[in-house]
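To start, the structure under review is shown below, and the notes come after it.
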Amino acid sequence: MLLLDYDLRAYEPVDVGWLCLVPPLLTMVVALLTKEVVISLLLGVMVAILIYVIKSHLSFVQMIQVFFSILTSRAASNMEICLFTFLMGSLVKLMEKSGGTKAFCNWFSKFIKGRKATLMIGMFISSFLFLDDYFNIITSSAIMHAVFDRNNISRPKAAYQIHTMASNLCILVPISSWAAVVIAQIEDCGIKDAFSVFSSSLSLNTYPICCLLGILFFNLTGIEVGGMQEYENEAKRKSSAQKEKEIVKETEEELLPSEAEASGHSYDLVLPVLALIVCTVLYIFYLGGGFRGGKSVQQIFTDSDTATALLYASFTAILIAFLLYIPRRVMSFRVFVEEAKEGMKVMLDTLIILVLAWTVGGVDSTLLQTGDYVGNLITRSHLPLWIIPSVVFLVGALLTFSLGTTWAGLSVLIPLVVSICTKTDRTLLVPCISACLCGSVFGDNISPICDNTILVSSCVQCNFIVHVKTESVYAVTMAIISFIGYLIVGFTGGNVWLSVGIPVFLEVVVLGSVALLKRIRVIRLNRNLENATPKEDNLVLQINGV
């Protein structure tokens with residue numbers, strides 16, 4: 001690790017101006033056009049390094065050195081997350097092989113039926129997993145992925161709900177890994193009442209509030225917009241022949257079950273997942289010194305290492321699975337090891353994409369100084385004070401979108417925001433911290449190179465680009481409403497009721513208009529069907545996606 005740090009220090013950062021934004025934007029465009037994520041990320045990395053090498057007058061060999069120095073340093077600094085990803089792949093595969101996943105789906109179907117109820121239960125489960133975004137994504141996916149598939153919920157829809165819930169919940173509660181990092185960064189900037197500043201900013205977090213209300217609306221009404229409508233229609237439109245094939249297949253599997261499925265029970269999934277959840281909380285408290293006494297919960301989260309806690313918890317959950325499956329002969333020791341290895345192989349593509357995404361962000365933030373460039377745009381623009389919160393929201397989104405992780409965006413923007421507010425108007429600090437958080441989460445939701453985007457797409461087995469395209473329609477809509485809210489924050493001097501109430505009212509109007517237009521479309525469709533011949537009936541149904 002010391003060698004890696006030395007290798008990075010050997011290269012001086014350079015100021016390339018607006019060119020620092022080219023690699024992430026190029027990656028996004030190529031990914032959307034080709035739908036090849038790995039190739040797009042590699043291209044983004046190489047372009048970023050090429051810009052740096054040309055500006056620094058380095059040789060071709062040094063270009064290769066820069067590439068591998070950044071790549072290995074990013075992988076090393078995120079090694080806990082890499083190992084956690086592998087172990088979670090193993091755990092999910094073991095639960096599936098044990099028959100626990102199928103048994104849980106069958107048990108779940110007895111009590112919860114239909115798409116609406118399933119989506120609401122998924123939202124309910126995610127609401128209690130607010131400690132960390134990675135933890136939320138992987139745990140929610142492990143519990144609900146097969147259930148979503150069983151109830152014909154499209155994978156882009158599942159990815160949208162899990163991703164949005166995971167990232168937005170972390171900035172709505174004062175006890176989470178995100179809260180700990182943000183509070184620590186505010187304290188490092190010389191703000192003594194950092195926890196008070198952070199907790200006060202939560203009431204102004206219009207973007208997550210609008211996102212969660214949006215999920216609730218779309219789940220209850222069944223209405224979808226943009227590309228999501230196509231995927232949801234396809235999920236609903238399974239032919240009767242296909243359903244019959246599935247029924248026959250399930251019947252045959254019931255008549256001739258495998259050894260694992262014959263002995264599999266719901267608790268073969270529930271107990272390892274519960275172990276994961278409980279152990280994550282315990283390890284966070286342990287690593288943060290919570291069992292020694294004399295520390296507040298907020299201080300425990302600040303001092304703890306969430307990534308390490310997740311790694312320890314996933315390993316413990318696999319040990320619980322071992323003790324649960326082997327003595328009962330659900331599977332042999334040999335099969336257990338082979339399935340664990342297969343689960344790791346499944347996560348290999350995800351890990352490659354994660355490391356490449358971290359590398360793109362690493363080159364941009366470390367060598368091309370994207371954060372400094374964007375920050376200087378704010379400080380040199382001489383903007384009126386009332387518009388600063390809304391500008392911070394946009395800059396936060398741009399940084400996270402470009403760097404591929406909310407942590408990088410927040411680490412650059414929070415010190416800048418604190419400096420601007422303390423030098424101009426201290427009352428802007430709380431609104432600007434809120435805008436910083438919400439903008440970063442918005443960038444997280446729409447970035448194709450973001451770690452959360454990659455992770456959730458892998459967990460629910462949805463194409464990365466499809467997930468970004470379908471989620472962006474919802475995220476951009478809520479971001480526009482939130483942007484208006486931060487304009488109101490500046491005009492009113494931080495009035496909470498107006499700054500949150502007006503955006504929520506606007507969201508109700510927008511969603512109500514969507515529901516009304518949908519209703520008008522259905523009425524027109526019914527009229528066309530009443531006046532159409534049988535052949536025309538089929539044609540109208542096909543055209544309207546019914």
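The values are calculated or read from the model by the stated rules, or taken from the named source; none is laboratory data. Quick caveat: nothing in here was measured; it's all calculated off a predicted structure. Don't worry about glycine lacking a Cβ; one is built from the backbone with ideal geometry, like all the others, and counts go over all protein chains shown. Side chains are part of the model used for accessible areas, which takes the heavy atoms of the whole protein and leaves out ligands, DNA and RNA. Shrake-Rupley method; radii C 1.70, N 1.55, O 1.52, S 1.80 Å.
Condition check: among the hydrophobic types (A, V, I, L, M, F, W, C) and open to solvent by 70 Å² or more (accessible area, probe 1.4 Å). Does Leu517 satisfy that? Spelling it out, Leu517 is indeed among the hydrophobic types (A, V, I, L, M, F, W, C) and open to solvent by 70 Å² or more (accessible area, probe 1.4 Å).
A Cβ distance below 6 Å, combined with a sequence gap of six or more or placement on separate chains, defines the contacts here; from segment 318-346, residues that are assigned to a loop (DSSP other than H, G, I, E, B) and modelled with pLDDT of 90 or more reach no residue that is open to solvent by 40 Å² or more (accessible area, probe 1.4 Å) and among the acidic types (Asp, Glu).
Residues of segment 161-197 that are open to solvent by 10 Å² or more (accessible area, probe 1.4 Å) and closer than 19 Å to Cys211 by Cα: Leu169, Leu172, Val173, Pro174.
Taking segment 1-101 and the helices (runs of 4 or more DSSP H) fully enclosed by it, the elements with 3 or more residues that are under 22 Å from the mean Cα position of the chain (by Cα) and under 30 Å from Ala340 (Cβ atoms) are at 37-56, 60-77, 79-97. Residues of segment 108-131 that are open to solvent by 10 Å² or more (accessible area, probe 1.4 Å), within 21 Å of Ser177 (Cβ to Cβ) and outside any helix (DSSP H, G or I): Phe128, Phe130, Leu131. With respect to the stated conditions, Ser411 fails to be within 24 Å of the chain's Cα centre (by Cα), of a type in the set (Gly, Ala, Ser) and crowded, with 23+ Cβ neighbours inside 10 Å. Scanning segment 482-503 for residues that are assigned to a helix (DSSP H, G or I) and open to solvent by 40 Å² or more (accessible area, probe 1.4 Å) returns Phe483, Ile484, Leu487, Phe491, Thr492, Val496, Trp497, Leu498, Ile502. Here is the figure for segment 156-181: residues that are farther than 26 Å from Lys110 by Cβ, assigned to a helix (DSSP H, G or I), out of contact with any His (no Cβ under 8 Å at 6 or more places or on another chain) and modelled with pLDDT of 85 or more total 5. Residue count for segment 325-339 satisfying the condition of being within 14 Å of Glu96 (Cβ to Cβ) and of a type outside the set (D, E, K, R): 5. Close contacts from segment 287-308, counting a first residue that is of a type in the set (Phe, Trp, Tyr) and a second that is assigned to a helix (DSSP H, G or I), with Cβ to Cβ under 6 Å and a gap of 6+ residues or different chains, come to Phe301/Ala180. Quick check on Ile153: is it touching a residue at least 12 places away in the same chain (Cβ under 8 Å) and assigned to a helix (DSSP H, G or I)? Answer is no for this residue. Residues of segment 290-309 include at least one that is at pLDDT below 90, part of a helix (DSSP H, G or I), open to solvent by 80 Å² or more (accessible area, probe 1.4 Å) and under 27 Å from Val182 (Cβ atoms).
In the set (1) at pLDDT 85 or above; (2) of a type in the set (D, E, K, R); (3) under 24 Å from Val374 (Cβ atoms), Arg74 fails one condition alone, (1). Against the numbered list (1) touching a helix residue (DSSP H, G or I) at 6+ places or on another chain (Cβ under 6 Å); (2) open to solvent by 20 Å² or more (accessible area, probe 1.4 Å); (3) among the polar types (S, T, N, Q), Asn445 comes up short only at (2).
Close contacts from segment 82-96, counting a first residue that is basic (Lys, Arg) and a second that is part of a helix (DSSP H, G or I), with Cβ to Cβ under 6 Å and a gap of 6+ residues or different chains, come to Lys93/Glu339; Lys93/Glu342; Lys93/Gly343.
Go through segment 133-145 and give me each residue that's touching a Ser or Thr at 6+ places or on another chain (Cβ under 9 Å) and open to solvent by 10 Å² or more (accessible area, probe 1.4 Å). Selection gives Tyr134, Ala142, His145. Only one entry of Leu368, Leu383, Leu394, Leu403 meets the criterion of being open to solvent by less than 50 Å² (accessible area, probe 1.4 Å) and farther than 26 Å from Ala307 by Cα, and that entry is Leu368.
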